[in-house]
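All remarks here apply to the structure that follows.
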Ligand code: HEM
């Protein structure tokens, strides 16, 4: 029972009668009065000595951590992954070895460009990041709801994001209402055209996180116990099917309930209506990769399902909401470099750059090198290493040795395990060092066209409307014209509809297809 008493000022104090917990400082010292600071006399100055007030305000002052530089707004949930069709012939990864095997997961869905308080129904890519807590360590499949990406090389990522996010001087996008800078960048970056088609499609305004597909985007490698390797693309297929809203609905929902997507996910899980996805793989060998019309290392391209069908190998169910949004959803740290034996990278230059970027940014965002000590990021299998100390270290090596090699035998701590440890696939390498983009990365329009013509007429109209809406907000006419010049290489009908919609007096010239290879090597 709470015993309510009133002080002279009429304020409410709720004091414990010993059936309730006593409020304490973070150091555990009991607090008598949490609402009046310590003063020298009733109207005198507040004393520096007031450790209760200083601790309370100090902690409040430090509540915020930097939001993610991209994907700042997101929502997560716990669940499990279950194998439907085991694939030991393809991979030694423990989580895929046995039908029925379950692995706990944590998933975070996100928008990319908006800040943490931005509305859920923005036209944007959605992040689809899955952390698998496997028996061989954490595997993070850090994907999106769109199977391709804007750029081919990670070195362009800061420019892409600077162009899309608010301008640093005014903290809103440069232009009257939309993204002149984004469209400037896109129109000067033809490799973005395939992704632009997806972003202008209904995929970019999903009805619910529960109704989105997910993609690992890059080509990865699977490696089996004999060391044989195949290439793989990962796909998530929602059990509820894919659904989107239309733009007018998106605008209204954003105004009425900017938390629409996170509320929807939370409410579904809370009511026992657990969202579910199938995990599929497209598996192909070097011979297919060599014969494919595009480079499998180019993240602006996909492998059509007609050419390599998707094999469903498992399902994922999200059955548990977070208890602590900050500790779990905010502090979770997904990273493409978190892989396990049996899965490996390829030379996709976008993936290679990501492998650096996530760990680097998380070291800043989460305050140092020990964020794997936060429970949401910690492995759920045994782990032993000689890393120690640093900010917020929760555990250190214990015992005789904190280095290796050492002479202390069984007391000497963990040892290497050549039989079970991670080994990189020994892919042969050759070539001259250089800032080179190969010819196989040069065609930026064919798959953009294939995507556009694969859409139903009503979906094509939505794309034309979206491009018209966006480009009509761009102040610079030359940027509008340059974009329509690209659209002409994708579909003349689409280009004409947009040109008319944004009031271009005449059709601009077609864009010049890219020249490749791009190289800085001497002729
Ligand atoms: C965050 C996906 C490209 C840098 C994220 C997240 C996802 C994601 C899903 C949110 C993770 C979360 O929920 O916490 C992708 C995909 C990409 C891509 C699918 C392309 C295929 C890149 C590139 C870079 C990059 C090229 C940098 C070179 C980052 C950074 C974060 C992030 C710095 C914030 C991480 C954090 O603070 O924890 N990305 N991304 N991403 N991404 Fe990417």
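Tabulated data for the structure shown
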quantity: Peptides 199-211, 78-90, 383-395, 450-462 ordered by average Cβ neighbours within 10 Å, highest first; calculated: 199-211, 78-90, 450-462, 383-395
quantity: Computed over the chain: relative contact order in percent, which uses C-alpha pairs under 8 Å that are six or more apart; calculated: 16
quantity: For segment 393-523: relative contact order, % (alpha-carbon pairs under 8 angstrom, 6 or more apart); calculated: 30
quantity: Which of 445, 403 has the fewest Cβ neighbours within 10 Å, and the rest in rising order; calculated: 403, 445
quantity: Kirkwood-based shape ratio for segment 342-390, expressed as Rg/Rh from alpha carbons; calculated: 1.03
quantity: Burial ordering of 48, 240, 494, fewest other beta-carbon atoms within 10 Å first; calculated: 48, 240, 494
quantity: At q = 0.11, 0.19 Å⁻¹, base-10 log of I(q)/I(0) for segment 62-131 (Debye sum, equal scatterers on each alpha carbon); calculated: -0.43, -0.79
quantity: Rel. contact order, % - alpha carbon contacts under 8 angstrom, at least six apart, segment 78-224; calculated: 25
quantity: Net length gained if the chain between residue 46 and residue 116 were fully extended (0.36 nm per residue, minus Cα distance); calculated: 21.6 nm
quantity: Directionally averaged projected area (convex hull, Cα atoms, segment 291-355), nm²; calculated: 7.1
quantity: Per-selection metrics, the chain (Cα): Rg and Dmax in Å; calculated: 26.9, 87
quantity: Span per principal axis, largest first, for the Cα atoms of segment 117-227 (Å); calculated: 58, 30, 26
quantity: When segment 212-306 is reduced to its Cα atoms, the Kirkwood hydrodynamic radius in Å; calculated: 16.5
quantity: Fewest-first ranking of 16, 372, 329, using other Cβ atoms within 10 Å as the exposure measure; calculated: 16, 372, 329
quantity: Fully extended contour minus Cα-Cα distance, from residue 84 to residue 36, at 0.36 nm per residue; calculated: 11.2 nm
quantity: Reciprocal mean inverse distance between Cα atoms of segment 392-475 - Kirkwood radius, Å; calculated: 20.7
quantity: Surface/4 estimate of mean projected area, convex hull on alpha-carbon atoms of segment 27-180, nm²; calculated: 17.4
quantity: Stokes-Einstein D (µm²/s) once Rh is taken as the Kirkwood radius of segment 253-303 over alpha-carbon pairs, at 25 °C in 0.890 mPa s; calculated: 163
quantity: When segment 289-433 is reduced to its Cα atoms, the Kirkwood hydrodynamic radius in Å; calculated: 19.6
quantity: Hull-based mean projected area of segment 100-161, where the convex hull spans the alpha carbons, in square nanometres; calculated: 6.3
quantity: Extended-chain gain in nm, criterion 0.36 nm per residue less alpha-carbon gap, residue 477 and residue 59; calculated: 145.4 nm
quantity: Relative packing of 60-72, 405-417, which averages over residues the other C-beta atoms within 10 Å, highest first; calculated: 60-72, 405-417
quantity: Residue 416 versus residue 256: modelled label distance in nm, points set 7 Å from Cα along the beta carbon direction; calculated: 6.2
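Every number here is computed from the coordinates shown, using simple stated rules; none is lab data. Keep in mind the model is a prediction, meaning the values are calculated, not measured. Backbone-built Cβ (ideal geometry, glycine too); neighbour counts: all protein chains shown.
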